[in-house]
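The values are calculated or read from the model by the stated rules, or taken from the named source; none is laboratory data. Not measured: the values here are computed from a predicted model. Methodologically, a virtual Cβ is constructed for each residue, glycine included, from the backbone with ideal geometry; neighbour enumeration extends over all protein chains shown. Remember, those area values only see protein heavy atoms, side chains included, never the ligands or the DNA or RNA. Shrake-Rupley method; radii C 1.70, N 1.55, O 1.52, S 1.80 Å.
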Amino acid sequence: MKEKSAAKPGTSHPKASKPKTLIVYYSRTSRTKRVAEDLAKRLGADIEAIVDKQPRSKGFFGYMNCGRQASFRVASAIQDPSRNPANYEKVVVLTPVWSWKMTPPVRTWLRLMKGKLRAAVFVTVSGNTEPEKIAAEMADESGIQPLAVVSFVQADFAPENRETHEGKLSKIIDAVK
């Protein structure tokens, strides 16, 4: 696993202090990425996208294939992570929800990092689902119980629900401070 020494653009922090939080996410459509970037900016945290080696086609058949793989708890091949979560006090792991399950790339990342997470917050982004069940799976795969579980649903991204969205971001921030 390669370790990057410099923060990615938009995640700057003083060189004298190392970020204590890592934000890790997978995003196929950008909603999860948006939440991850908002958190990284507000926390001054490092951020890393999980990169799936399997191309994910768009449209109906792509959507159905993603759901099938998630339903059968498939772990997909991902690019080697560049950041080691053992170097951070806390890690926030964000996953979209496919067929009421975490995504295959996040499942793979959690398996690779089992035993390396000191403390974690699990975040789900979905149309509408039961985050506790997904968080329980994430805990099984990672070997760690989360400090908090936060779920964003589709309605949270509407402009009229900005207050709810902000409240959920605050819950995550409070959990990692």
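Are any of the residues in the range 99-110 under 13 Å from the mean Cα position of the chain (by Cα), at pLDDT below 90, closer than 23 Å to ASP46 by Cα and assigned to a strand (DSSP E or B)? Yes, because at least one residue in the range 99-110 is under 13 Å from the mean Cα position of the chain (by Cα), at pLDDT below 90, closer than 23 Å to ASP46 by Cα and assigned to a strand (DSSP E or B).
Of the residues screened, PRO146 is one that is open to solvent by 20 Å² or more (accessible area, probe 1.4 Å) and either under 18 Å from ILE23 (Cβ atoms) or under 14 Å from the mean Cα position of the chain (by Cα) (or both). Which residue pairs have Cβ atoms closer than 9 Å, lie 6 or more positions apart in sequence or on different chains, and pair a first residue in the range 143-169 that is farther than 26 Å from ALA86 by Cα with a second residue that is open to solvent by 20 Å² or more (accessible area, probe 1.4 Å) and among the charged types (D, E, K, R)? Within 9 Å, the pairs are PHE152/ARG31; PHE152/LYS168; GLN154/ARG31; ASP156/ARG162; ASP156/LYS168; PHE157/ARG31; PHE157/ARG34; HIS165/ASP38. Based on what the data block shows, is GLU89 modelled with pLDDT of 95 or more, loosely packed, with under 14 Cβ neighbours inside 10 Å and not basic (Lys, Arg)? It is true that GLU89 is modelled with pLDDT of 95 or more, loosely packed, with under 14 Cβ neighbours inside 10 Å and not basic (Lys, Arg).
Counting the residues of the range 28-57 that are open to solvent by 70 Å² or more (accessible area, probe 1.4 Å), of a type outside the set (Lys, Arg) and either in contact (Cβ under 8 Å) with a residue 24 or more places away in the chain or in contact with a Leu (Cβ under 6 Å, 6 or more places away or on another chain) (or both) gives 2.
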